[in-house]
Amino acid sequence: MAETGKKDEAVGEATPHVTEVVSSDASTTAEVEAVLDAPVERGEPILQVRNLVKHFPLNQGILFKRQVGAVKAVDDISFDLYQGETLGIVGESGCGKSTVARLLMTLETATSGEVFYKGEDITKLSGRALKAVRRNIQMVFQDPYTSLNPRMTVGDIIGEPFEIHPEVAPKGDRRKRVQELLDVVGLNPEYVNRYPHQFSGGQRQRIGIARGLALNPEIIVCDEPVSALDVSVQAQVINLMGKLQDEFNLSYIFIAHDLSIVRHISDRVGVMYLGKMAEIGTDAQIYEHPTHPYTQALLSAVPVPDPEAREGRERIILTGDVPSPANPPSGCRFRTRCWKAQDKCAEELPVLAIPEVFKGKDTPAAHDSACHFAEEKRVVPAA
Amino acid sequence: MEHQEAQPVLLDVRDLQVEFRTRDGVAKAVNGVSYSVGEGETLAVLGESGSGKSVTAQAIMGILDSPPGHITGGRVFFRGEDLLTMPAETRRRVRGAKLAMVFQDALSSLNPVLSVGAQLSEMFEVHEGMTRKDSRAKAVQLMDRVRIPAARERVGDYPHQFSGGMRQRIMIAMAIALEPDLIIADEPTTALDVTVQAQVMDLLAELQREYNMGLILITHDLGVVADVADKIAVMYAGRIVETAPVHDLYAAPAHPYTRGLLDSIPRLDRKGQQLYAIKGLPPNLMAIPPGCPFNPRCPRAQDICRTDRPPLFAVAPGRTSACHFWKDTLDES
């Protein structure tokens, strides 16, 4: 085991929410596969994201394309995912949270930065080793209506991963395995020959979850898994996901825009704004002791289903819209909508770290927040 | 909510029934819905998809897709006149001028090939016979009113050039253009981000106060309802299952469905272990269960619930519940 380069060490110091990356020294494909199959202890980091960047080029011209700019969808973010935990990622549309999901799935190629899975940088892998990684990181998509092929039966949809990774379930076993999976997600195993349109939205999302579980993954990336569902069905699916996490020892990355749901399911929460991580911490730190103005505004804007709280609550109503990620503001990305913004915010990019004022203090406000003028402000009333 | 009872009633819907006749059968989307809204009052109609909340609104506005939709019974009184029996021409004049609607999806509700200025000024040209120049000036004024920055420069822009929140403001501008008495807003903020949702709801509430408009807010979001509504009607399978002043409903629901909904939403201010989940699925509107439509999912269901359809029992002044066991439900909370 060898340490990675200087860059990672530097990041590790500046941002304590990320742990030191111990990269594996596997060189041959077989060695890499062995590393990927090794179990990770509960509470140890299983996924370490470092300085991840994804810029989508903007081209002009038809015959001679030239790049005229880039949409900075994800712009230098770092975080860790621990074995067995749920990391929630929240943010408004266009903040880059779905691009992060696609990068973790290696569905997009990162512009720069690394994603270490068990110490192996998966952005550099290819061929058999990458295939082995993909088996262990699966995804549940947002829209259960478009993410299932309408021409395939449920049995074929859930069994398709076995075609690609035949080592997980031998051919004779597959039908039985698919029926087990249906049972696990609370659907009748006799439904294997039905088509997606014969199911309701909530049931379809269960099928999507069963497909995600098929290869016994360690990490499931959930991109808005319940936002298309009705309230009464949402609760069923969220409870199911909690149950499966305990049963199969899964780690979740849970991406959503609904802050109440994220709080319910997450151990730690990261708040994204315009391609950057604004604040990250445990659920209590973020929801009860937020120090970044954006987090405070976001939390105060969420309607609370309690009319008694209507008068007493302080609402921070932001002005304007999220700027375009193709042309983000200089310095702090949030400064154009921030009521605290000063000259410094335009000149200097705030680092994601424990703010100076809280450093060394034993307070829940001492967590990573990328703001020059971080200040604790409780916006969610105590229950 | 006594003072609201005294407000003149704007809209009074009585026993409205709508069905969709399709090749596969008849879907009974609205089965006897009654509600009323007074001046300056906000009624929230709460329900999941398929509960009939939007179809009711479409029937009131007269924009129901027909066929397959048919209004098979009921009355809709607007200031005492029945909208359903009035001649089409009269009704057209009421709609827009007195009764306006804000739709959920602003991008598909606005015409993509006309500038927003043209779409806004059309209202004044058609309804008030203004000249093009005057109506254009009114359009700029309106855009200012809903706080669209640089309204004068942006009046010629097309819908796709605006962000989601700005488009929804334009929809609101269109709705308030002729200073209507009543606005029906169908999931006006569902497609928006929370910070923008807060801006838009704020704007709606402010305009409502200013013009003393009635507002029917159709939504599935219990949080939004708690923030703005005066009274609530909860719908399930095309029926109203509970009506109540907003404070009473959240404090102590009188219908097991409402109870279940309130228990099944995760809260921002607390972290629970397990959410309560209403078992099963909403019924197929082509085969609504006999008796109480909620009985297959209800933790309280008895034999009577499977045979007798519960009427709306009066629970308290201004409160009704369509549950045989409303008393037990109320006592439990």
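Odds and ends about this structure:
- Taking the conditions (1) over 30 Å from B:Met101 (Cα atoms); (2) charged (D, E, K, R); (3) away from chain A (no Cβ under 13 Å) in turn, B:Arg239 satisfies each one other than (1).
- A:Val357 meets each of the listed conditions (1) of a type outside the set (S, T, N, Q); (2) within 12 Å of chain B (Cβ to nearest Cβ); (3) out of contact with any Lys or Arg (no Cβ under 8 Å at 6 or more places or on another chain); (4) surrounded by 13 or more Cβ atoms within 10 Å (Cβ to Cβ) apart from (2).
- Tabulated pairs, region B:158-185, first more than 16 Å from B:Ala57 (Cβ to Cβ), second in a loop (DSSP other than H, G, I, E, B) and of a type in the set (S, T, N, Q), C-beta under 8 angstrom, 6+ apart or interchain: B:Tyr158/B:Ser115; B:Pro159/B:Asn111; B:Gly164/A:Ser93; B:Gln168/B:Thr189
- Filtered residue count, region A:235-256, keeping only those that are at the interface with another protein chain (Cβ under 10 Å from one of its Cβ atoms) and either among the aromatic types (Phe, Trp, Tyr) or in contact with a Gly (Cβ under 8 Å, 6 or more places away or on another chain) (or both): 3
- Count of residues meeting criterion [part of a loop (DSSP other than H, G, I, E, B) and either surrounded by 14 or more Cβ atoms within 10 Å (Cβ to Cβ) or at the interface with another protein chain (Cβ under 8 Å from one of its Cβ atoms) (or both)] in region A:303-318: 11
- Identification of strands (runs of 3 or more DSSP E) wholly contained in region B:1-117 with 1 or more residues that are in the same structural domain as B:Gly318 (by TED's automatic domain parsing) and of a type in the set (Lys, Arg) yields B:9-22, B:25-38, B:69-78.
- Exclusive hit being touching a strand residue (DSSP E or B) at 6+ places or on another chain (Cβ under 6 Å), surrounded by fewer than 24 Cβ atoms within 10 Å (Cβ to Cβ), among the hydrophobic types (A, V, I, L, M, F, W, C) and under 26 Å from A:Glu44 (Cα atoms), set A:Leu250, A:Leu240: A:Leu250
- Within region B:310-333, tally of residues that are of a type in the set (Phe, Trp, Tyr) and crowded, with 21+ Cβ neighbours inside 10 Å: 2
- Residue list for region B:91-126, restricted to those being in contact with a Gly (Cβ under 9 Å, 6 or more places away or on another chain), over 23 Å from B:Ile216 (Cβ atoms) and surrounded by 17 or more Cβ atoms within 10 Å (Cβ to Cβ): B:Ser115, B:Val116, B:Gly117, B:Ala118
- Residues that are out of contact with any Gly (no Cβ under 8 Å at 6 or more places or on another chain) and not charged (D, E, K, R), drawn from region A:279-288: A:Gly281, A:Thr282, A:Ala284, A:Gln285, A:Ile286, A:Tyr287
- Taking the criterion of being over 19 Å from A:Ala341 (Cβ atoms), more than 14 Å from chain B (Cβ to nearest Cβ) and hydrophobic (A, V, I, L, M, F, W, C), the residues of region A:360-383 that qualify are A:Ala365, A:Ala366.
- For region A:190-222, a residue qualifies if it is modelled with pLDDT of 90 or more, in a loop (DSSP other than H, G, I, E, B) and under 21 Å from A:Arg174 (Cβ atoms), and the qualifying residues are A:Arg194, A:Tyr195, A:Ala214, A:Leu215, A:Asn216, A:Pro217.
- Scanning region A:152-167 for residues that are outside any loop (DSSP other than H, G, I, E, B), surrounded by fewer than 18 Cβ atoms within 10 Å (Cβ to Cβ) and not acidic (Asp, Glu) turns up at least one hit.
- In this entry, A:Pro225 passes the filter for residues that are part of a loop (DSSP other than H, G, I, E, B) and closer than 30 Å to A:Leu182 by Cβ.
- Per the listing A:Leu349, A:Leu318, the residue uniquely aliphatic (A, V, I, L, M) and farther than 27 Å from B:Leu203 by Cβ is A:Leu349.
- Against the list (1) part of a loop (DSSP other than H, G, I, E, B); (2) of a type in the set (S, T, N, Q); (3) at pLDDT 90 or above, the condition B:Thr258 fails is (1).
- Condition met for A:His264 (at the interface with another protein chain (Cβ under 8 Å from one of its Cβ atoms), farther than 22 Å from A:Pro328 by Cα and touching a Pro at 6+ places or on another chain (Cβ under 9 Å)): yes
- A single entry from A:Asp246, A:Asp267 fulfils the requirement of being in contact with a Ser or Thr (Cβ under 8 Å, 6 or more places away or on another chain), charged (D, E, K, R) and on the phi < 0 side of the Ramachandran plot: A:Asp267.
- Residue count, region A:360-383 (criterion: touching a Cys at 6+ places or on another chain (Cβ under 9 Å) and surrounded by fewer than 16 Cβ atoms within 10 Å (Cβ to Cβ)): 0
- The number of residues in region B:147-175 being on the phi > 0 side of the Ramachandran plot and either over 28 Å from the mean Cα position of the chain (by Cα) or of a type in the set (Val, Ile, Thr) (or both) comes to 1.
- Any hit, region A:98-116, residues being assigned to a helix (DSSP H, G or I), out of contact with any helix residue (DSSP H, G or I) (no Cβ under 8 Å at 6 or more places or on another chain) and among the basic types (Lys, Arg): yes
- Screening A:Ala30, A:Ala10, A:Ala38, A:Ala73 for residues that are modelled with pLDDT of 80 or more and either under 27 Å from A:Ser330 (Cα atoms) or surrounded by fewer than 16 Cβ atoms within 10 Å (Cβ to Cβ) (or both) leaves exactly one candidate, A:Ala73.
- Residue list for region A:170-213, filter: surrounded by 14 or more Cβ atoms within 10 Å (Cβ to Cβ), in contact (Cβ under 8 Å) with a residue 40 or more places away in the chain and more than 19 Å from A:Gln142 (Cβ to Cβ): A:Val184, A:Gly186, A:Arg194, A:Tyr195
- Of all residues making up region A:67-115, the number that are free of Cβ contacts under 8 Å to residues at least 60 places away in the same chain and touching a His at 6+ places or on another chain (Cβ under 8 Å): 1
- Matching option when the condition is in a loop (DSSP other than H, G, I, E, B) and either under 25 Å from the mean Cα position of the chain (by Cα) or away from chain B (no Cβ under 13 Å) (or both), among A:Ser300, A:Ser324: A:Ser324
- Pairs are defined by a Cβ separation below 8 Å, a sequence spacing of at least 6 or placement on different chains, a first member in region B:256-275 that is more than 7 Å from chain A (Cβ to nearest Cβ), and a second member that is β-branched (Val, Ile, Thr); the pairs so defined are B:Pro256/B:Thr329; B:Tyr257/B:Val234; B:Tyr257/B:Val241; B:Tyr257/B:Ile278; B:Thr258/B:Val234; B:Thr258/B:Val241; B:Arg259/B:Thr329.
- Residue match in region B:133-143 (condition: on the phi < 0 side of the Ramachandran plot, assigned to a loop (DSSP other than H, G, I, E, B), aliphatic (A, V, I, L, M) and modelled with pLDDT of 90 or more): no
The values are calculated or read from the model by the stated rules, or taken from the named source; none is laboratory data. Small disclaimer: the values here were computed from a predicted structure and weren't measured. Every residue, glycine as well, gets a Cβ built from its backbone with ideal geometry; the counts of neighbours run over all protein chains shown.
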